[in-house]
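The values are calculated or read from the model by the stated rules, or taken from the named source; none is laboratory data. Just so we're clear, the structure is a prediction, and the values are computed from it rather than from any experiment. So basically every Cβ, Gly included, is an ideal-geometry build from the backbone, and we count neighbours across all protein chains shown. Keep in mind that these areas ignore ligands, DNA and RNA; they rest on the heavy atoms of the full protein, side chains included. Shrake-Rupley method; radii C 1.70, N 1.55, O 1.52, S 1.80 Å.
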Amino acid sequence: MPRVMCLSGYSLPLADMAREMKPNGWDLTFVDPAAPEIEREKAAAEADFILVFGHGLSGNVLRAAKRCRLVQLASAGYDGVDLKLAGEMGIPVANNGGANAIPVAEFAMTLMLGAARHLIESDRSTRAGGWMPKALDGYDTWELFGKTVGIVGAGRIGSTVARLLRGFETITLYSDVKKSPDAEKYGAKRVPLDTLLRESDVVTVHVPLLKSTTKLIGARELELMKPSALLVNTCRGPVVDEKALLAALTAKRIWGAGLDVFEVEPATADNPLFKLDNVVVAPHLAGKSHESYPRRVGFAYKNMAQVWAGGPPESVVLPEE
């Protein structure tokens with residue numbers, strides 16, 4: 001039966017779920033990502049599959065995995081794996097097949113609404129005994145209903161955002177390297193990125209981290225946005241140029257931001273973005289939900305079982321050309 005190396009801390013929720021859902025007879029070995037590389041290499045050399053929960057897979061560990069049939073990620077993002085090296089070794093790499101699309105999309109909506117309605121400031125003020133301070137009088141508070149929302153990257157997560165936005169009767173735009181039938185099914189219109197940035201009241205970013213998407217939203221792109229616009233990022237921190245964003249927010253060139261991801265993670269308390277009142281932040285938790293864990297683990301085991309039986313894996317990701 002298959003030997004699975006699980007690259008994960010032993011006590012994480014996904015690790016608990018992996019143990020609970022493990023197919024009968026499968027051998028599941030947990031390896032701490034912080035363990036000495038020689039230990040990780042040894043485990044990889046004996047593995048038929050490598051299951052990765054939120055951590056990078058080093059090149060040396062991947063090179064040791066000569067019998068590995070599939071690297072299966074529990075995440076949507078795949079920037080922690082050298083896809084070119086995996087391809088040279090003949091090892092397919094698969095992401096989670098959209099298993100966390102719903103929580104990420106919902107959290108993007110949470111950041112939009114939380115920022116627009118000053119939720120964090122309202123909570124803080126009310127707990128401190130403040131009641132309806134001038135900053136919360138509604139003059140600088142706005143509705144999402146009927147606004148123009150631009151989705152940068154209309155894959156599984158971006159398309160789910162488009163689906164959720166239907167209830168707000170937004171004008172929904174999207175920008176992607178290819179047409180997205182799913183996003184268009186929910187009323188989104190494909191436009192060039194610059195057009196999306198100029199016309200949107202909210203810009204929400206949902207692209208993988210690649211060379212072509214690193215600092216995709218930089219100073220030039222932020223200058224194109226409306227002064228009243230909100231930027232939301234729940235994909236990967238380096239997709240947005242953090243220094244350029246800080247400058248734009250400080251100078252009020254855009255209205256605000258909702259951020260779940262940062263260029264350096266874990267983000268530290270001295271991040272200057274944290275000192276701004278027009279920013280709502282979270283610790284890279286958009287994809288975490290009670291319902292998504294079994295979907296992610298279930299997809300991973302299904303995909304590995306399919307490969308073990310001689311079939312092709314689903315949701316394979318490829319290196320950027």
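Remark: the chain is approximated by an ellipsoid whose semi-axes, taken from the C-alpha gyration tensor as √(5λ), come to 38, 21, 18 Å, largest first. Count Lys and Arg as plus one, Asp and Glu as minus one, and take only other residues whose Cβ is under 13 Å from that of A44; the net charge is then +2. Whole angstrom only: what separates the Cα centroid of segment 229-308 from the Cα centroid of segment 192-224? Here the two parts' Cα centres lie 15 Å apart.
Where in the chain is the longest stretch that carries no chymotrypsin sites (Phe, Trp or Tyr not before Pro) classed as loop by DSSP and with at most 10 other Cβ atoms within 10 Å? Don't jump to the answer; show the numbers that get you there.
Working: sites that count: W131, Y139, F145.
Result, exposed sites excluded: 146-321.
Heavy-atom surface analysis with a 1.4 Å probe gives the chain a carbon and sulfur content of 55 percent of its accessible area. Accessible surface ranking for K134, K42, 1.4 angstrom probe, highest first: K134, K42.
Per residue of the chain, the DSSP helices (runs of n ≥ 4 H) give a summed -39500 (n - 2.57) that works out to -9500 deg cm²/dmol at 222 nm. Which shape class, rounded, prolate or oblate, goes with segment 132-242 when its Cα gyration tensor gives a ≥ b ≥ c as root eigenvalues, a/c under 1.5 marks rounded, and past that a/b bigger than b/c marks prolate? Oblate.
Of all the options V280, V149, V191, the one that moves most in a Gaussian network model of the chain with Cα springs shorter than 10 angstrom is V191. Accessible surface of R117, taken over heavy atoms with a 1.4 Å probe and every protein chain present, rounds to 150 Å².
Rg and Dmax of segment 18-135, both derived from C-alpha coordinates alone, stand at 21.2, 64 Å. Multiplying the residue separation of L164 and R3 by 0.36 nm and subtracting their alpha-carbon distance yields 54.0 nm. Pull out a ≥ b ≥ c, the square roots of the eigenvalues of the alpha-carbon gyration tensor of segment 167-321, then state rounded if a/c is under 1.5, prolate if not and a/b is larger than b/c, and oblate in the remaining case. The shape class here is prolate. FRET efficiency for F145 and L318, Cβ-Cβ distance as r, R0 = 30 Å, nearest 0.05? Approximately 0.15, to the nearest 0.05. Accessible area per residue for the chain is 49 Å², calculated with a 1.4 Å probe on protein heavy atoms, without ligands, DNA or RNA. If you take all other residues with their beta carbon under 9 Å from the beta carbon of V207, and give Lys and Arg +1 and Asp and Glu -1, the sum is 0.
Efficiency by 1/(1 + (r/R0)^6): what FRET value for A282 and T29, r their Cβ-Cβ distance, R0 = 35 Å, to the nearest 0.05?
Plugging the Cβ-Cβ distance into 1/(1 + (r/R0)^6) gives 0.60.
Excluding same-chain neighbours fewer than eight residues apart, the lysines reachable from K226 by a Cα-Cα span under 20 Å are K147, K189, K215, K243, K252.
Springs between alpha-carbon pairs under 10 angstrom, Gaussian network model over the chain: which of G98, G25, G256 fluctuates most? Answer for the Gaussian network model of the chain: G25. Distance between the pseudo-spin-label points of M89 and A45 (7 Å out from Cα toward the beta carbon): 1.3 nm. Here r is the Cβ-Cβ distance between F274 and R220 and R0 is 22 Å; the resulting FRET efficiency, rounded to 0.05, is 0.30. Between rounded, prolate and oblate, where does segment 69-189 land on the alpha carbon gyration tensor, with a ≥ b ≥ c its root eigenvalues, rounded for a/c under 1.5, else prolate if a/b exceeds b/c? Cα axes put segment 69-189 in the oblate bin.
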